[in-house]
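Right, one structure below, let's go through it.
The values are calculated or read from the model by the stated rules, or taken from the named source; none is laboratory data. Only a predicted model underlies this, so the values are computations on that prediction, with no experimental measurement involved. Because the Cβ atoms are built from the backbone with ideal geometry, glycine has one as well, and the counts that use them run over all protein chains shown.
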Amino acid sequence: MKESFLTITENTPLTKDVYRMKLSGDVSAVTAPGQFVNIKLEGLFLRRPISVCDCDGDSVTIIYKAVGKGTEQMTRMNPGETLNVLTGLGNGYDTAPSGDRPLLLGGGVGVPPLYLLAKKLLAEGKRPSVVLGFNTKNEVFCEQEFKNLGCEVTVTTVDGSYGVKGFVTDALPEDYTYFYTCGPEPMLKAVYRATNTSGQFSFEERMGCGFGACMGCSCKTITGFKRICKEGPVLRKEEILF
Amino acid sequence: MRNAECGMRNCIEQRTVVSLCGIQLDNPVIPASGTFGYGYEFAELYDINCLGTFSFKGTTREPRFGNPTPRIAECASGMINAVGLQNPGVNAVIAEELPKLKQCFHKPVMANVSGFSVEEYAATCAKLDKEPQVGWLEVNVSCPNVHGGGMSFGTDPKAAAEVVKAVKAVTTKPVLIKLTPNVTDIVAIAKACEEAGADGISLINTLLGMRIDLKTKRPVIANKMGGFSGPAVFPVALRMVYQVYEAVKIPIVGMGGVACAEDVIEMMLAGATAVEIGAANLTDPFVCRDIVEQLPAVMDKYHIDNLNDIIGGAH
């Protein structure tokens, strides 16, 4: 973990309430896809944990949804402004067990962390296929970005207004070696039941600190108590209690 | 570089040295229990030996998972938590946490203890009494987030005094009793603890609070209520430290919303011998190191030669 002052270089809406923010500065603490950053915002006491969507040598990209005071405040920020950010938080996804044909399943704002993961898997010579789930056509984002990487992408919408009608679990390919997923808990539970290989789940929880100090985000697993912010947010299928 | 400076410069700053129940602290800065784990998360960030000491995660006789999540809510200038004393239990703390801590912290640590019965408090303290790393026992009779224990001891002078007596009977280490602000008369409880033999008083624990989510129209926290802390509670904490200082002779460890060196000095002026910093660690993991570093300059600014000169100075 590192405390960095990052400068906003981009903050653009992708849909009505989902924004992409690019932050430049020292992001050397980001070491794995699926990690998150924790952002201090003016006038708010707790930081806002947001998963990392992309990271290169000197910048990090996050995609966030305006759901409350903090994220709404973020939508009004402009390039040039700086943010105090704790970077490199959480364990992140482990690509070692992925096999040759990993499956990436993202739902809503659970989609972003899969982007850096897809990049890493591709760099390792693997061939990830991607299923992205949204409620409706207007909420779809990142489809083209995954296609640009060279991934095979299927989009599902609950109302059928775009792509396959239904949930990500309605569009599972027949053949995959492993899976990685991030999304709302009902989706994670459905993925848990619908998949026939091992895989990794990224969880969300209200956090106090984001770095393991307060025990605010603990959960029970088969292998004991885990802090979503420290031993998570990524847990393996075999250790999850659903 | 900053770590080294902290070790070289501030830790030998004689004018910040205070004595808490006979044990010397290089400075009065103490991360509060529940915001600093067992120390090593922070030891990865900076050399925690620059601190006076720290109070480790509230420990009970048996391991506890604590409350269901969500356990955290935000509020103006603060937060609410209902962790519910998650800890691995005293045996695991002694077998695993303390040896790990020894690698990165070389000062006496404050052991924070909670319980659900007088016997449990005594049993846990008796075990920690044998640990040379432990300097003080900070006995928490004030956790608002557990049922049938914690705060129920701290809201009744007789019950609080019973815990003090039972713990004092099993230890030779100084016993600080950590009090809850959720009472009508904090002074009566503090006096009862002093009479029962407490060596010092820590106050305040969190204030009972809650938030309701407008979208779900339900409490944000699974436990419904939780402990309110952060800068918003500082004036309440300061007032209670001030009141208790007038009523007892034993030292006070002041806490509640402390977030900077100025707050530390204000707490000491109210009557605190040492000062704990809680919620601020969660939003700024470096805050305690920074307070230690800034303390001498802030003392200069307010013409304070030695911190011992200002304890209770506002009375």
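Scanning the range B:76-120 for residues that are within 13 Å of another protein chain (Cβ to nearest Cβ), among the small types (Gly, Ala, Ser) and assigned to a loop (DSSP other than H, G, I, E, B) turns up B:Ala76, B:Ser77, B:Ala82, B:Gly84, B:Gly89.
Taking the stated definitions as given, is A:Val191 over 16 Å from A:Arg101 (Cα atoms) and buried (at least 21 other Cβ atoms within 10 Å of the Cβ)?
On the way: over 16 Å from A:Arg101 (Cα atoms): yes; buried (at least 21 other Cβ atoms within 10 Å of the Cβ): yes.
Against the criterion (over 16 Å from A:Arg101 (Cα atoms) and buried (at least 21 other Cβ atoms within 10 Å of the Cβ)), A:Val191 qualifies.
Just give me the residues in the range A:38-59 being surrounded by 19 or more Cβ atoms within 10 Å (Cβ to Cβ) and away from chain B (no Cβ under 14 Å), in sequence order. A:Ile50, A:Ser51, A:Val52, A:Cys53, A:Asp54, A:Cys55, listed by residue number. Residues that are over 23 Å from B:Val220 (Cα atoms) and assigned to a strand (DSSP E or B) were ranked within the range A:223-242; the one that is farthest from the other protein chains (Cβ to nearest Cβ) is A:Arg236. So which residues in the range B:58-84 are under 22 Å from A:Phe203 (Cβ atoms) and charged (D, E, K, R)? Scanning the range B:58-84 gives B:Arg64, B:Arg71, B:Glu74. Inside the range B:35-75, residues that are under 15 Å from B:Val258 (Cα atoms) and either surrounded by fewer than 24 Cβ atoms within 10 Å (Cβ to Cβ) or within 9 Å of another protein chain (Cβ to nearest Cβ) (or both) make up a count of 2.
If you check A:Leu188, A:Leu149 for being away from chain B (no Cβ under 14 Å) and closer than 30 Å to B:Pro285 by Cβ, only one passes: A:Leu188. Cβ separations smaller than 7 Å between residues 6+ apart or across chains give the following pairs from the range A:177-194 residues that are in contact (Cβ under 8 Å) with a residue 12 or more places away in the chain to residues that are among the aromatic types (Phe, Trp, Tyr): A:Tyr180/A:Tyr93; A:Thr181/A:Phe201; A:Met187/A:Phe167; A:Leu188/A:Phe201; A:Lys189/A:Phe242; A:Ala190/A:Phe167; A:Tyr192/A:Phe242. One residue stands out among those in the range B:275-286 that are in contact with a Pro (Cβ under 9 Å, 6 or more places away or on another chain) and of a type outside the set (Asp, Glu): the one that is farthest from the other protein chains (Cβ to nearest Cβ), which is B:Val275.
Among the helices (runs of 4 or more DSSP H) confined wholly to the range B:256-315, which include 2 or more residues that are out of contact with any strand residue (DSSP E or B) (no Cβ under 9 Å at 6 or more places or on another chain) and within 26 Å of B:Ala190 (Cβ to Cβ)? Steps first, please.
On the way: elements: B:261-270, B:280-283, B:287-301.
By residue number, B:261-270.
Search the range A:194-222 for residues being aliphatic (A, V, I, L, M) and within 7 Å of chain B (Cβ to nearest Cβ), and hand back the single one that is surrounded by the most Cβ atoms within 10 Å (Cβ to Cβ). Talk me through it step by step, then tell me what you get.
Keep residues of the range A:194-222 that are aliphatic (A, V, I, L, M), which gives A:194, A:207, A:213, A:215, A:222.
Right, trim to within 7 Å of chain B (Cβ to nearest Cβ) and you get A:207, A:213, A:215.
Values: A:Met207: 26, A:Ala213: 23, A:Met215: 28.
The selected residue is A:Met215.
Of (1) over 18 Å from B:Ala32 (Cα atoms); (2) modelled with pLDDT of 95 or more, B:Ser117 satisfies all except one. Which? Of everything listed in (1) over 18 Å from B:Ala32 (Cα atoms); (2) modelled with pLDDT of 95 or more, B:Ser117 misses just condition (2).
Evaluating B:Ala159 against the criteria (1) at pLDDT 95 or above; (2) part of a helix (DSSP H, G or I) leaves one unmet condition, (1).
If the condition is being crowded, with 24+ Cβ neighbours inside 10 Å and without any contact (Cβ under 8 Å) to a residue 40 or more places away in the chain, then the range B:262-282 contributes only B:Met267. Any chance the range B:232-244 includes a residue that's in contact (Cβ under 8 Å) with a residue 24 or more places away in the chain and not in a helix (DSSP H, G or I)? The answer is no; no qualifying residue exists.
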